[in-house]
Amino acid sequence: MPLIRRSIQVAWPLRVYFTENVFAPDNPTLRGILTDVTPRKVLVVLEDSLAQAQPQFELQIARYFAAADDRLQLVRSPMFVGGGESAKNSPTIVSDIHAHIHKHHVDRHSYLIAIGGGALLDIAGFAAATAHRGMRLVRIPTTTLSQANSGVGVKNGMNAFGQKNFIGTYAPPFAVVNDFNLLASLPPRDKRAGYVEAVKIACLRDAQFFAELEADAAKLAVFEPDAMRRLIHRCAELHLDHIAYANDPFESGSAHPLDFGHWAAYKLEILSHFRIGHGEAVAIGMALDVVYSRQAGLLDAAAATRILNLLEALGFPLFADELMNTNAHKHLAILVGLDEFREQFGGELTVPLLSAIGTGVEAVKIDRDLVASSITELRERAGGLNATLRNQNYQ
């Protein structure tokens with residue numbers, strides 16, 4: 001049969017800027033990103049919780065663009081959009097963003113600026129990727145988790161059919177701006193959440209970074225700014241290195257080496273009806289996979305203990321009652337997450353585990369009895385300080 005075949009290569013520049021007070025009139029960062037020869041329109045989507053926590057922020061945005069030259073036109077006041085994982089369960093927000101893009105004639109070479117946490121960035125990113133078949137998106141993450149991980153990636157998603165990110169796209173943002181000052185109004189729970197992604201990628205890729213996190217643990221626990229800046233910068237750098245150099249930026253294969261702890265985390269969030277946040281769920285999922293790795297003979301006991309101790313030192317509980325939930329067949333409900341993880345990532349199960357701190361391995365088969373044994377061990381560990389953390393940090 002006749003065949004025409006070509007290989008298509010596309011270069012995607014992915015830029016992450018670090019600054020403070022991004023909307024200060026004399027801060028050139030954002031203006032330098034948006035400046036173009038042709039006048040461009042700008043639509044801003046702003047998470048409502050940030051607007052409430054920082055009442056002057058909307059006015060700062062208006063003044064910033066009012067002081068800009070005529071090449072940047074803010075088409076309307078910022079759209080206030082709800083954040084948090086539950087916001088990803090309805091397509092209404094995406095439809096509203098599309099409607100304003102259409103109403104204000106925001107073309108595909110203009111800019112959608114999304115300001116918020118990871119869920120808001122997911123929603124706005126999906127809207128930007130699907131309006132005009134893709135328009136310029138600038139992300140301004142406002143949580144530790146999104147500045148260190150989700151906000152600097154290339155994924156956008158919506159939840160559907162009881163699964164996280166069942167609907168979504170891979171679309172690199174035009175630029176990402178990490179403004180450390182935007183973290184100031186976060187509650188402790190949200191400040192802490194991003195730490196888990198740093199521990200995760202250190203466990204998988206960088207033993208030295210893991211040791212640095214151990215050294216900084218006491219400072220990070222009380223949110224010392226310099227320690228937080230170091231964590232965010234290195235964590236973002238390692239995630240960008242993976243996207244750029246691991247030869248699978250859009251995850252077309254079955255292996256997802258940076259999703260350590262995530263198969264259980266995704267299911268745990270849903271089982272808890274999102275009472276447990278993503279950062280907390282990943283911490284528990286990592287603890288489960290660390291214990292599993294040790295019980296399976298992959299990881300030595302000393303390394304496993306270091307990882308569990310670090311997670312607890314940073315303030316993460318390592319157990320949730322939802323791990324013990326069972327379905328109608330009396331099977332652990334969390335184990336359904338393995339099948340959903342397999343389906344989401346290509347039909348072949350590939351779960352990242354650890355052979356050492358700094359070295360990940362891929363498991364294509366998981367012993368479900370060993371998972372149950374690992375859950376039991378975590379449950380037994382969940383006494384004293386860990387139980388106190390569990391009660392405090394899920395509020």
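As a check on your grasp of the helix formula, calculate [θ] at 222 nm for the chain: sum -39500 (n - 2.57) over DSSP H runs of n ≥ 4, divide by the residue count, round to the nearest 500.
Details: 16 runs with 179 residues, N = 395.
-14000 deg cm²/dmol, from helical runs alone.
Among Lys88, Lys155, Lys330, determine the one that fluctuates most according to a GNM of the chain built with springs between C-alpha atoms less than 10 Å apart.
Lys330
Which entry is the computed Cα Rg over 2.2 N^0.38 Å for this structure: (1) 1.00; (2) 1.82; (3) 0.94?
Structure-derived value, by its label: (1).
Enumerate by residue number the chymotrypsin sites (Phe, Trp or Tyr not before Pro) in the range 147-180 meeting two conditions: DSSP loop (anything except H, G, I, E, B), and at most 11 other Cβ atoms within 10 Å of the site's Cβ.
On the way: sites: Phe161, Phe166, Tyr170, Phe174, Phe180; in loops: Phe161, Phe174.
Listed in order of number, the matching sites are Phe161.
Using 0.36 nm times the number of residues separating Ile8 and Arg275, minus their current alpha carbon distance, what extension gain do you get?
So the extension gain works out to 91.8 nm.
Given a 10 angstrom Cα cut-off, can you work out which residue in Met158, Met324, Met286 is the most mobile in a GNM of the chain?
Result: Met324 has the largest fluctuation of those listed.
I'd like the FRET efficiency for His104 and Ser355, computed as 1/(1 + (r/R0)^6) with the beta carbon distance as r and R0 of 56 Å, rounded to 0.05. Please list the in-between numbers first.
Details: r = 53 Å, r/R0 = 0.94.
Calculated transfer efficiency: 0.60.
Work out which GluC sites (Glu not before Pro) in the chain are exposed loop sites (DSSP not H, G, I, E or B, at most 15 other Cβ within 10 Å) and give the longest gap free of them. Spell out each step's value before the answer.
Working: sites that count: Glu20, Glu348.
In short, 21-347.
Where the centroid of each part is defined by its Cα atoms, how far is the range 48-105 from the range 119-166 in Å?
Each part reduced to its Cα centre gives a spacing of 15 Å.
Which one, Asn27, Asn149, Asn165, has the greatest fluctuation when you compute a Gaussian network model over the chain with C-alpha springs under 10 angstrom?
Per the Cα network of the chain with a 10 Å cutoff, Asn27 tops the list.
Please give the FRET efficiency for Arg381 paired with Asp70, using the beta carbon to beta carbon distance and R0 = 56 Å, rounded to the nearest 0.05. Working shown, then result.
On the way: r = 61 Å, r/R0 = 1.10.
Computed FRET efficiency for Arg381 and Asp70: 0.35.
Could I have the simple spin-label model distance between Arg63 and Ala215, label points 7 Å from Cα toward Cβ, reported in nm to one decimal?
Between Arg63 and Ala215, the label points sit 4.1 nm apart.
How big is the charge dipole of the range 16-183 about its Cα centre, in debye rounded to the nearest 20, if each Lys and Arg gets +1 on its Cβ and each Asp and Glu gets -1 on its Cβ? Let's see the in-between values first.
Numbers: 14 positive and 13 negative charges, 101 e Å.
Magnitude of the dipole: close to 480 debye.
Could you give the C-alpha radius of gyration of the range 16-183 expressed as a fraction of 2.2 N^0.38 Å, taking N as the number of residues it contains? Spell out each step's value before the answer.
On the way: Rg = 14.6 Å, N = 168, 2.2 N^0.38 = 15.4 Å.
With N residues counted in the range 16-183, Rg over 2.2 N^0.38 Å equals 0.95.
If a/c stays under 1.5 just call it rounded; otherwise compare a/b with b/c (prolate if a/b is bigger, oblate if not). Do that for the range 255-355, with a ≥ b ≥ c from the square roots of the Cα gyration tensor eigenvalues.
Working: a/c = 1.64, a/b = 1.21, b/c = 1.35.
It is oblate, given that a/c is not under 1.5 and a/b is not larger than b/c.
Indicate, rounded to the nearest 5 percent, the antiparallel portion of the DSSP beta bridges found entirely in the range 98-205.
Values: 5 of 13 bridges.
If I count the DSSP bridges inside the range 98-205, around 40 percent turn out antiparallel.
Cα centroid distance between the range 311-342 and the range 206-264, in Å?
So the separation of the two Cα centres works out to 23 Å.
Obtain the nm distance between the two label points defined at Leu370 and Ser77 by a simple spin-label model: each point lies 7 Å from its Cα along the Cα-to-C-beta direction.
5.8
Values in this text are rule-based calculations from the coordinates and carry no lab data. None of the values given here were measured: they were computed from a predicted structure. Here Cβ is always computed from backbone atoms with ideal geometry, including for glycine, and neighbour counts include all displayed protein chains.
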